[in-house]
Amino acid sequence: MTKLKMGVIGGGIDSFIGSVHRMAAAMDGHIELVCGALSSTPERSRKSGEQLGLPPERIYGDYRKMIEKESQLPEEERMDIVSITTPNYMHYQPARMALDYGFHVICDKPMTMTLEEALDLENHVGSTGLEFALTHNYTGYPMVKQAKHMVRTGELGKIRKIAVEYLQGWLNTKVEDMGNKQANWRADPKRSGKVLAMGDIGTHAENLAEYITGLKIKSLCADLTSHVEGRILDDDGSMLIRYEGGATGTLLASQIATGEENNLKINIYGDKGGLEWEQVSPNTLIVKWANKPTEILRTATQFAGFGKASQLASRLPAGHPEGFIEAFANIYKNFALTILSRKEGKDPDPEWLDFPNVHDGVRGMAFLETVIESSQSNQKWIWMKS
């Protein structure tokens, strides 16, 4: 297969997530970076493009120029996909324009600022037939895929309880006023949206629970709080959840959990067994049984019962740590292989379709708007928006 050519929007100098996207895209050799509109200012975009070795004529001052100019190039030269690595408020318009001009899109989460925008993108992806991926990167971990395999094949029985939490401590003080670029835009409603912690990390927790179990949230009872004085948006959230099929659950998302680094953890319990996975030890999946000893499953071990998706997501032999970048890369890899297959007139392998898509983006925005409504209401249960 030939390589896909990628253009990047955002992710320039001093961007953490931009470099993650570029490393992930390059890891499996299916994608090459050919152009970019890498900053909100033309000068910073130029400097970033020069650092990355892009040709001067393929470094653009803004995303509109990039999409327009690239669409005018011969097919064998122009970009195939657009990667959007900007703050939340700059997701919707670039994504929609890229789709309008015939480019596939991979976008950071949350997908948009509002549910209305998300639904519009969903309709647009459907009408264009183009591919759209959302970088809920924790779904890329091999042991998360193994957890999904075990739940979906019924090994744990009927799912009864889902407890997911995502705890960080980096916003324990008002660092957005202290020159912290990452905190500054996240705490700004004009750039982040209606929520802070729940949009930044709560959507990851929501997506992880639905990805592994296949169960959608029916209703929830949420409480959002801003603990740090002077902070407008939430820095902490808790909720009770009712899922399809009768399962119940809890979701915690906090960025003022003092001392926590990046503690994403999920426990799922069925009537036959349960499992536990946490991001700080991503190569390990703990499986608990009612009538036999607890099992510890490890990435890349070739035992009976391991799902194909989890095996394909492992690049290294057992015992060699794989982590955050590789999980990100698994989304890019499946996204790229799906597009390359379709370009050759072939149906992609089912495992290649295993990446978060525009529908997951809609679920995320419906989740956030339901959480906000619930937190502002005295009603105990609020039905999930759709």
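Laid out as a table, the results:
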read-out: Matching entry among 290, 309 (being crowded, with 16+ Cβ neighbours inside 10 Å and either more than 23 Å from residue 32 (Cβ to Cβ) or not assigned by TED's automatic domain parsing to the domain that holds residue 155 (or both)); value: 309
read-out: Failed criterion for residue 257 (all others in (1) crowded, with 16+ Cβ neighbours inside 10 Å; (2) in contact with a Gly (Cβ under 9 Å, 6 or more places away or on another chain); (3) closer than 30 Å to residue 335 by Cα hold); value: (3)
read-out: Candidate set: segment 13-44, residues that are modelled with pLDDT under 90 and either in a loop (DSSP other than H, G, I, E, B) or outside the structural domain of residue 63 (by TED's automatic domain parsing) (or both); chosen: the one nearest to residue 78 (Cα to Cα); value: 40
read-out: Any chance residue 276 is surrounded by 13 or more Cβ atoms within 10 Å (Cβ to Cβ) and assigned to a loop (DSSP other than H, G, I, E, B); value: no
read-out: Any pair with Cβ under 8 angstrom, 6 or more apart, that starts in segment 46-75 at a residue that is within 16 Å of residue 22 (Cα to Cα) and ends at one that is at pLDDT 95 or above and in a loop (DSSP other than H, G, I, E, B); value: 48/38; 49/38; 52/38; 59/38
read-out: Matching residues, segment 329-386, being of a type in the set (Ser, Thr, Tyr) and outside any helix (DSSP H, G or I); value: 377, 386
read-out: Residues located in segment 328-349, provided they are under 16 Å from residue 84 (Cβ atoms), touching a strand residue (DSSP E or B) at 6+ places or on another chain (Cβ under 9 Å) and not aliphatic (A, V, I, L, M); value: 332, 335
read-out: Selection from segment 137-185 of residues that are out of contact with any strand residue (DSSP E or B) (no Cβ under 8 Å at 6 or more places or on another chain), basic (Lys, Arg) and under 19 Å from residue 287 (Cβ atoms); value: 145, 148, 152
read-out: Whichever residue in segment 1-12 is in a loop (DSSP other than H, G, I, E, B) and touching a Ser or Thr at 6+ places or on another chain (Cβ under 9 Å) and, among such residues, is surrounded by the fewest Cβ atoms within 10 Å (Cβ to Cβ); value: 1
read-out: Residues located in segment 100-124, provided they are crowded, with 21+ Cβ neighbours inside 10 Å, farther than 23 Å from residue 198 by Cα and touching a helix residue (DSSP H, G or I) at 6+ places or on another chain (Cβ under 6 Å); value: 104, 105
read-out: Residue within segment 193-206 that is in the same structural domain as residue 150 (by TED's automatic domain parsing), within 18 Å of the chain's Cα centre (by Cα) and over 14 Å from residue 253 (Cα atoms) present; value: yes
read-out: Segment 90-142: number of residues that are free of Cβ contacts under 8 Å to residues at least 12 places away in the same chain and part of a loop (DSSP other than H, G, I, E, B); value: 1
read-out: Hits in segment 65-85 (condition: assigned to a loop (DSSP other than H, G, I, E, B), more than 18 Å from residue 10 (Cβ to Cβ) and not charged (D, E, K, R)); value: 73, 74
read-out: All positions within segment 313-328 that are small (Gly, Ala, Ser), in a loop (DSSP other than H, G, I, E, B) and in contact (Cβ under 8 Å) with a residue 60 or more places away in the chain; value: 313, 314
read-out: Residue match in segment 283-297 (condition: touching a Ser or Thr at 6+ places or on another chain (Cβ under 7 Å), of a type in the set (A, V, I, L, M, F, W, C) and within 30 Å of residue 172 (Cα to Cα)); value: no
read-out: Count of segment 294-316 residues which are more than 23 Å from residue 353 (Cα to Cα) and at pLDDT 90 or above; value: 5
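The values are calculated or read from the model by the stated rules, or taken from the named source; none is laboratory data. Predicted model only: the values in this text are computed from it and were never measured. All Cβ positions, even for glycine, are placed from backbone atoms using ideal geometry, and neighbour counts span all protein chains on display.
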